[in-house]
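Down below is the structure, laid out as structure tokens.
The values are calculated or read from the model by the stated rules, or taken from the named source; none is laboratory data. Keep in mind it's a predicted model, so treat the numbers as computed, not measured. All Cβ positions, even for glycine, are placed from backbone atoms using ideal geometry, and neighbour counts span all protein chains on display.
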Amino acid sequence: MDQVTSAATVELRHLDNLWIQVSGTRCNIECRHCFNNSGPRATAFGLMTLDAVSRAIAAAAARGVREIYFTGGEPLLHPHLLEMIACALAVAPTTVLTNGMLISDPIADILAALASEARYSLEMRVSLDGYTEEMNDAIRGSGVFRLALVGAVRLARRNLLPLITIVRTWDDGDELAMLAAFTRVLRNAGCDRPRIKILPALPLGRELTRVAGLQRDECVTMAMLDGFDRDLLMCSNSRLVTDRGIWVCPLLVEHQDARLGTTLDEAASSYELQHQACVTCWRYGTICGNVSAHIEGPDIAAAPEAR
Amino acid sequence: MTRFALIGGIYSNWRALETALSDVARRQVEATFCLGDLGAFGPYPDRVFPLLEQAGVLCLQGNYDNSLATRLADCQCGYTDPRDNHFARLSYDYTFRNTSPAHKAWLGTLPMSRRLDVNGTRMLLCHGSPRKINEFLWESTSPDGFLRYLLDDADADVLCVTHTGIKWHRDLGGGRHVVNVGALGRPENDGTPRVWYALLTIDGTVHVEFVPVQYDHEALAADMHAERLPGEFIETILSGWWTTCLEVLPQKERARGRF
């Protein structure tokens, strides 16, 4: 094996992002492209306890964590999610990745109160994969579009400005038209300042059966990291806590080799980028964050300094 | 007692710079530092250079300066939203065309950070963060623990940055402070046309004062109009609300604005 063909290894530079798979793989819907096979009957990962989540947040805060993300499954299925959000917001900006369907008026009221009382930002990321019922529900399931849009509007009306997260299921050439269509539909529905994040489809989970012909044997090689800004890779700045241990990143949760231990100390070890999803992360950079926490650019440490 | 004036992104706003430097001249500061991004958004980019030179301002390199000096294709703000990218391109292309080769070369000679020791208080000045020239340190996404980590990692007691365009100050206790000095170049998305710089005083303890700058923003708008800069940029100068480069704003900062 040489550096052209062998998988590269990436060190954890700093725990910027703590991901918490708070609801395991339990979800109220079953999207056709779901990267971790979540769904109503999925049992690969279970709900985390309030105590386990509080301990993970405290441990990450002690390490100077920058952002906390709640993911699943559907986080709002967890009966203690709102308490967990309060706990996270006390120490760091917090993001909830949700399908939006369970955001009732009372829940939106509580989220708005938590957000306004906190020093740090609360980001609600609502998934939508089509700008029409037909387009969205073909991927996310019947009736999902209407409820997700209602949830997003409830947040927007409380000035929580949800970040609408859309998985790209169209050709690059259609991107501008797609964005314009999503923006128009969101505005018409009552999200008058739409914020949109486009995610690439990931060659993982159900997406492997949704799209035929995905290449499965690529990996990120040492040569690919030559001159590449490693801060753009999740594994250099993130870890995922679940009820079954700590994984290198949210995307590789179905791969046992990506389970690094049971404590953040154990999980600080380096990781070999041997999966096709690593190539997707390398290609697009920091795909899971809200915006690029580290944007590719000159390293201060490497630059001359005047004293 | 030691006092410094700290200026953030100027973004070619030579009128605000002129007014701010007159104000600084009355305040008996030991030195004035500019933390980078001399160009962007505004008119006549070459006009800020003589003002900075005459006032003896010590400048750092920002991402915009780095892009101009190394002739990169964009400003390195990392937008993915097509609308933000469209306006970032207009701003960068105009600034690139209208910054002289000599000034571009000078920007490339600027340091990316600067360390000062003021009677044992270790200060680090940089543009974005100690890690990256273009990392955004917003108030609502920079938790205390993370800031302490940055200070530890950089062997500093006081960290001063800009890059986001909105000022804030965090006293972390034990003589440790992080200050985002804001920007002179455009208002901070608060519905008023005023801009800001910072005064940092060390007299055993660290004091931070943000100074509002009321300048002839209508004249700047007229300059921008004459240069056929986008109406969206002019609207921001006149109204104080950001109209572009919105994608990178976190929830709290975005929600305070109009757009």
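Structure summary
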read-out: Conditions (1) of a type in the set (Ser, Thr, Tyr); (2) in contact (Cβ under 8 Å) with a residue 40 or more places away in the chain; (3) in a loop (DSSP other than H, G, I, E, B): number failed by A:Thr43; value: (2)
read-out: Out of B:Leu107, B:Leu147, sole residue that is more than 22 Å from B:Leu38 (Cβ to Cβ) and part of a helix (DSSP H, G or I); value: B:Leu147
read-out: Residue satisfying condition, being modelled with pLDDT under 95, out of contact with any strand residue (DSSP E or B) (no Cβ under 6 Å at 6 or more places or on another chain) and either farther than 22 Å from B:Thr244 by Cβ or β-branched (Val, Ile, Thr) (or both), within set B:Gly204, B:Gly173; value: B:Gly204
read-out: Qualifying positions in region B:93-121 - within 14 Å of chain A (Cβ to nearest Cβ) and surrounded by 15 or more Cβ atoms within 10 Å (Cβ to Cβ); value: B:Leu107, B:Leu110, B:Pro111, B:Met112, B:Ser113, B:Arg114, B:Arg115, B:Leu116, B:Val118
read-out: Members of region A:253-287 that are at pLDDT below 95 and within 14 Å of another protein chain (Cβ to nearest Cβ); value: A:Arg283, A:Tyr284, A:Gly285, A:Thr286, A:Ile287
read-out: B:Gly56 closer than 27 Å to B:Leu249 by Cβ and either in contact with a Ser or Thr (Cβ under 7 Å, 6 or more places away or on another chain) or at pLDDT 95 or above (or both); value: no
read-out: Complete set of residues in region A:174-198 that are surrounded by fewer than 14 Cβ atoms within 10 Å (Cβ to Cβ) and within 13 Å of chain B (Cβ to nearest Cβ); value: A:Asp174, A:Glu175, A:Leu176, A:Ala177, A:Ala180, A:Arg187, A:Asp192
read-out: Region B:236-259, residues that are away from chain A (no Cβ under 14 Å), closer than 30 Å to A:Gly289 by Cβ and in a helix (DSSP H, G or I); value: B:Thr236
read-out: Residue under evaluation A:Ile164, criteria (1) among the β-branched types (Val, Ile, Thr); (2) in a loop (DSSP other than H, G, I, E, B); (3) within 14 Å of another protein chain (Cβ to nearest Cβ), criterion not met; value: (2)
read-out: Failed item in (1) surrounded by fewer than 19 Cβ atoms within 10 Å (Cβ to Cβ); (2) assigned to a loop (DSSP other than H, G, I, E, B), with A:Ile29 passing the rest; value: (1)
